[in-house]
Amino acid sequence: MQYFMNDMKEYYGSGETKKVSWRKSQLKGLRRFLIEKEDILKALMLDLGKHKVEAFRDEIETLMKSLNFALSNLKYWISGKKAKLPQIALLSSAEIVPEPLSLVLIISSWNFLFGESCFLNHFPYVDQVFV
């Protein structure tokens, strides 16, 4: 585990994760994974008896909506916002630029239904990619 953490810290230190293009590629990759993985729908059919349409609607579509919302608002969320300055700084300007401060480790259970797992596992992931 420490080996992987060191690799992640090194990669984070390179500054690659701060780029909008990297964040978009991560979100698009998760969306592509959900679209291409018929195995998820098959597993839901075998385990819970859910039809593919019902499984997609109930289990996957919620996460897809969250991903699409994050992708469409990502640039706005990470762009700098003008900061208010006191009168004494009349000729100055300042901006608040949100950027990640460090790594986030998301630990969760493996034995939830896929839909519950999306809320507990993937939504925090989506949130952390654009933070």
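The values are calculated or read from the model by the stated rules, or taken from the named source; none is laboratory data. No experiment lies behind these values; they were computed from the predicted model shown. Cβ atoms come from the backbone with ideal geometry, glycine included; neighbour counts cover every protein chain shown.
Output the qualifying pairs, or none if there are none: Cβ atoms under 8 angstrom, residues six or more apart or on different chains, first residue in the range 35-47 and in contact (Cβ under 8 Å) with a residue 40 or more places away in the chain, second residue part of a loop (DSSP other than H, G, I, E, B).
Once the first residue is in contact (Cβ under 8 Å) with a residue 40 or more places away in the chain and sits in the range 35-47, its partners that are part of a loop (DSSP other than H, G, I, E, B) give Leu44/Lys50.
Going by the structure shown, is Arg23 among the charged types (D, E, K, R), without any contact (Cβ under 8 Å) to a residue 40 or more places away in the chain, assigned to a helix (DSSP H, G or I) and surrounded by 12 or more Cβ atoms within 10 Å (Cβ to Cβ)?
When the stated conditions are applied, Arg23 does not pass them.
Identify the single condition in (1) among the polar types (S, T, N, Q); (2) within 13 Å of the chain's Cα centre (by Cα); (3) loosely packed, with under 13 Cβ neighbours inside 10 Å; (4) at pLDDT below 80 that Ser72 does not satisfy, given that it satisfies every other one.
The one condition Ser72 does not meet is (4).
State whether the residues of the range 49-66 include one that is touching a residue at least 40 places away in the same chain (Cβ under 8 Å) and either loosely packed, with under 12 Cβ neighbours inside 10 Å or over 25 Å from the mean Cα position of the chain (by Cα) (or both).
no
To keep it simple, each residue is scored yes or no on (1) under 30 Å from Ser102 (Cβ atoms); (2) in contact with an Asp or Glu (Cβ under 9 Å, 6 or more places away or on another chain); (3) among the hydrophobic types (A, V, I, L, M, F, W, C).
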| site | (1), (2), (3) |
| --- | --- |
| Asp7 | yes, no, no |
| Thr17 | yes, no, no |
| Val20 | yes, no, yes |
| Leu27 | yes, no, yes |
| Ile35 | no, no, yes |
| Ile40 | no, yes, yes |
| Lys52 | no, yes, no |
| Ile60 | no, no, yes |
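Could you say whether any residue in the range 84-96 is under 30 Å from Lys42 (Cα atoms), modelled with pLDDT under 90 and surrounded by 10 or more Cβ atoms within 10 Å (Cβ to Cβ)?
no
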